[in-house]
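What follows is one structure encoded as structure tokens, with my remarks underneath.
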Amino acid sequence: MIAGVEMPLLECAVHWAVPADEPHMRDLLDAGERERYERFMRAEDKARFVTGRFLARTVLAEATGLAPRDIHFTTDCPHCGATHGKPRLPGSDLDFSLSHSGDRVVLVLSDGPEVGVDVEQESDRDVDRLGEMVLSAPERNVLSALPTDQRKRAFHVYWCRKEALLKATGHGLAAPMTAIHVSGPDEPAEVLSWNDAKAVSPVRLADLTPGPGYAASLAALTDRPLKITETPIG
């Protein structure tokens, strides 16, 4: 950055929704998505999936001027070419990411840099055991020093920040989370170090406001400051 020159902000639009499964939402699914929808056994999983796709199509339709029915996605992995990557809008500079958990569905949209988002409903999972697979050594030390009633929230904050980052890079679970060291759960979100061959830079992180009982974060592969706009949950 040149001294005295302000870097332009990267605008990230965050859209929240509550899972639903309505006929007009299912009508927008393409053939492959409908097959995937039918494979879900639980009604709540069907609702989260169809809501995510409906949210993506309606938000992208507004951003591009296309009709929601004319929005089609590719899911090619940027690293191996298989069709297990995050949904993308071909031929567009827009990038977006989806996540859902419990009764939250979230989408983040940016114009340019790749983004990732993650939301997690806090649960009574064994954070000590999972911490061995998710947290760096300094993060585990921070977690173990917290009072018991604060550890569940802290673990999920760490988890969401890292998951959002790996969704932005497209690595997913192929990159070890323990190699990523992020700031403390009550500090502004940032990557402090990333000691792995898959590491990327620059990166911006930000925590979102999903409501009580949830943690959520977004990541953007940029050095530009983020300007985040969140729509209400509903």
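The values are calculated or read from the model by the stated rules, or taken from the named source; none is laboratory data. The shown structure was predicted, so the numbers you read here are calculated from the model rather than taken from an experiment. Cβ coordinates were reconstructed from backbone atoms using ideal geometry, including for glycine residues, and neighbour counts include every protein chain displayed.
Which of the residues belonging to region 88-102 are surrounded by fewer than 17 Cβ atoms within 10 Å (Cβ to Cβ) and either charged (D, E, K, R) or in a strand (DSSP E or B) (or both)? Scanning region 88-102 gives D93, L94. Within region 12-20, does at least one residue satisfy the condition of being in contact with a helix residue (DSSP H, G or I) (Cβ under 9 Å, 6 or more places away or on another chain), in a loop (DSSP other than H, G, I, E, B), at pLDDT 95 or above and within 30 Å of A175 (Cβ to Cβ)? Scanning region 12-20, I find at least one residue that is in contact with a helix residue (DSSP H, G or I) (Cβ under 9 Å, 6 or more places away or on another chain), in a loop (DSSP other than H, G, I, E, B), at pLDDT 95 or above and within 30 Å of A175 (Cβ to Cβ), so the answer is yes. Remark: T148 falls outside the filter, which requires a residue to be more than 27 Å from W16 (Cβ to Cβ), surrounded by 17 or more Cβ atoms within 10 Å (Cβ to Cβ) and among the hydroxyl-bearing types (S, T, Y). Name the residue, out of L205, L166, that is within 21 Å of H15 (Cα to Cα), out of contact with any strand residue (DSSP E or B) (no Cβ under 6 Å at 6 or more places or on another chain) and either free of Cβ contacts under 8 Å to residues at least 60 places away in the same chain or surrounded by 21 or more Cβ atoms within 10 Å (Cβ to Cβ) (or both). Result: L166 is the single residue among L205, L166 that is within 21 Å of H15 (Cα to Cα), out of contact with any strand residue (DSSP E or B) (no Cβ under 6 Å at 6 or more places or on another chain) and either free of Cβ contacts under 8 Å to residues at least 60 places away in the same chain or surrounded by 21 or more Cβ atoms within 10 Å (Cβ to Cβ) (or both).
So which residues in region 102-131 are among the basic types (K, R) and either in contact with a helix residue (DSSP H, G or I) (Cβ under 6 Å, 6 or more places away or on another chain) or under 23 Å from T229 (Cβ atoms) (or both)? Don't jump to the end; show me each part of the working.
To start, the set of residues in region 102-131 that are among the basic types (K, R) comprises 104, 125, 129.
R104 - this is the single residue of region 102-131 that is among the basic types (K, R) and either in contact with a helix residue (DSSP H, G or I) (Cβ under 6 Å, 6 or more places away or on another chain) or under 23 Å from T229 (Cβ atoms) (or both).
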